[in-house]
Structures are given as structure tokens and as C-alpha cells.
Amino acid sequence: MAVTIKSPREIELMRESCRLLAEVHEELSKIIEPGITTKEIDIMGDKLIRERDGIPNFLHYNGYPASICVSVNEEVVHGIPTKKKKLSEGDIVSLDCGLIYRGYHSDAARTYGVGKISPEAQKLIDVTKQSFFEGIKMAKAGNYLYDISNAIDDYVTPFGYGIVRDLVGHGIGTSLHEDPQIPNFRQKKKGIRLEPGMTLAVEPMINMGTAEVEWLDDDWTVISEDHSYSAHYENTILITEGEPEILTLR
Ligand code: MF3
Ligand code: CO
């Protein structure tokens, strides 16, 4: 599929979808505390999306059984919410969430500490978030797609962390996943040239240890192979002639 350029009308709809998703994330951040189950987070997220006339785009996506991906500690992404899993003080938890509003998809992820966490865990969260901002400094018309990938890699690699390679960011619009794919690690080629009106989900996933991941038997949950902590940070952005617009941040 070709990379889509959104019209002004579509950009307005993307902005609206993403604004609603930013609100959902803001509300979800308030309920993260020791004792809550990952299922309770999913139920709340689903409710927050539907209250805003959104449709949870993850629910039933390729059979995924929930509206929010909740990934704890060594879980990288796509953790399945369950009432059997309670968050504990010291955990880190990634919430990945998306919605459809009037036909347009939004997608964003955040990683939070639960109660007091170790300085090492906090650093992983902070570096992962900053790597997104380093990457999108390159996200403007005229630059190449992999300038984003290379900037993320250049920022993260000196910390000794493992940048996940098996999962990547993506274009987004009337589908959750559109072309292009956006790796978070150095590329040999340049990639496509960025143009105004592209909407992209940039989403570094960073492990404290090895970059290698494996899938649990549920065929969804991705974990770091060495069981080291993993963090995820994602926003949907709009390419312009200048600074990108970060659509899923308020
Ligand atoms: N944010 C993820 C992505 O960009 C989550 C989608 S997987 C799903 O691919 F199955 F949970 F929907
Ligand atoms: Co995504």
C-alpha cells in the first residue's frame, strides 16, 4: 500500500481522533497504582474511549482480545489485560491505546512507574520517551524517513540499551497500520522522503538489556528475551514543512 497524504479535512479528523486519545491517556495515567489489575485498566480505557464516541481500534484487531495493551516490566508490548495480574510498587507498566473517531485512527503509548520505582527503571522510561523526541526532530518535509530511525538509534545506543527490532512504527489514517514501516534502529538506506500531510505513529520500544524479544504462548505478549525491563513511548504525528505536530499530546 502506498503512503497516504491526508487532505486538510482528513488532517482535521486525525487531530480530533488524536486529541480524544490524549484525553484517554491522561485519564488512564491517574489510575495507575499498586493493587489495580491490568483488566481494570482495560475496562476503564474502553469506557473512556466509548464515552468520547470513539471505537477501540485494538479490540479484535487480528483477534487481539482487549481495548488497551497493558505490558508490565519485561513485557515489551501487546500484554493482554487479565484480572489475575495486579500492579505492584516498583513495576513499570506500558499502556498502548488507540481509537477510531469518524473513521480516523489514533495510536499512542506511555510507560509509567507504579509507586516508587528504581532509578534504573526511571532512566529507561525517560530515555525511551526522549528517544521519541530526538527522532521526531528529524520528522519534517524534505528529510528522509530513516533520518528518524537513525536519530533514535544514535540517542539510545550510548545508554547500552537494546532497541527492539522486531516491531516498528507505522503510517496511520483510515487504517491503524499504513505504510511506511518506521524502524527505531539505524538503517542503511534513506527511506522515503517525508511530505506534509503524512501521519505517522513513531514508537520506540527499548529494553534495558538485550534487544532480542520472544512471544509468549498467547501469541501476543512480547517479552524481552533476558526478562529485562522494557519501555514504550508512542505518539501519532503530522508531518509539516516545519516542526511536526504531535497530535496525541495535549
Ligand atoms: N500500538 C500498537 C501498534 O501500533 C498496538 C496494536 S496491536 C493490537 O501496532 F493488536 F493490540 F491492536
Ligand atoms: Co502503533
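The values are calculated or read from the model by the stated rules, or taken from the named source; none is laboratory data. These numbers were taken from a predicted model, which means no experiment stands behind them. Because the Cβ atoms are built from the backbone with ideal geometry, glycine has one as well, and the counts that use them run over all protein chains shown. For the accessible areas, the whole protein counts, side chains as well, though only heavy atoms, and no ligand, DNA or RNA atoms are used. Shrake-Rupley method; radii C 1.70, N 1.55, O 1.52, S 1.80 Å.
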Say whether the condition of being over 22 Å from Val76 (Cβ atoms), of a type in the set (Val, Ile, Thr), open to solvent by less than 90 Å² (accessible area, probe 1.4 Å) and in a strand (DSSP E or B) is met by at least one residue in region 179-195. no
In region 57-67, is there at least one residue being surrounded by 15 or more Cβ atoms within 10 Å (Cβ to Cβ), within 15 Å of ligand 1 (Cβ to nearest atom), at pLDDT 95 or above and aliphatic (A, V, I, L, M)? yes
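Hey, could you check region 136-151 for residues that are outside any loop (DSSP other than H, G, I, E, B) and away from ligand 2 (no atom under 16 Å from the Cβ) and say which is surrounded by the fewest Cβ atoms within 10 Å (Cβ to Cβ)?
Going through region 136-151, the residues outside any loop (DSSP other than H, G, I, E, B) turn out to be 136, 144-151.
Checking the rest, the ones that are also away from ligand 2 (no atom under 16 Å from the Cβ) come to 144, 146-147, 150-151.
Working: Tyr144: 16, Tyr146: 21, Asp147: 19, Asn150: 19, Ala151: 21.
By that ranking, first place goes to Tyr144.
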Output for Cβ contacts, cut-off 6 Å, separation at least six or different chains, first residue farther than 25 Å from Lys86 by Cβ in region 38-60, second aromatic (Phe, Trp, Tyr) and not in a helix (DSSP H, G or I), reads Gly54/Tyr101
Out of the residues in region 85-104 that are within 19 Å of the chain's Cα centre (by Cα) and closer than 14 Å to Arg50 by Cα, state the one that is farthest from ligand 2 (Cβ to nearest atom). Tyr101
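With respect to Asp154, is the statement that it is buried (at least 16 other Cβ atoms within 10 Å of the Cβ), away from ligand 1 (no atom under 15 Å from the Cβ), acidic (Asp, Glu) and over 29 Å from Ile32 (Cβ atoms) true? Don't jump to the end; show me each part of the working.
On the way: buried (at least 16 other Cβ atoms within 10 Å of the Cβ): no; away from ligand 1 (no atom under 15 Å from the Cβ): yes; acidic (Asp, Glu): yes; over 29 Å from Ile32 (Cβ atoms): yes.
Criteria not met by Asp154.
Report, by residue number, each residue of region 201-236 that is part of a strand (DSSP E or B) and open to solvent by 40 Å² or more (accessible area, probe 1.4 Å). Break it down into steps so the answer makes sense when it comes.
Of region 201-236, the ones part of a strand (DSSP E or B) are 201-202, 205-207, 213-215, 222-224, 230-232, 234-236.
Within region 201-236, Glu214, Trp215 meet the criteria.
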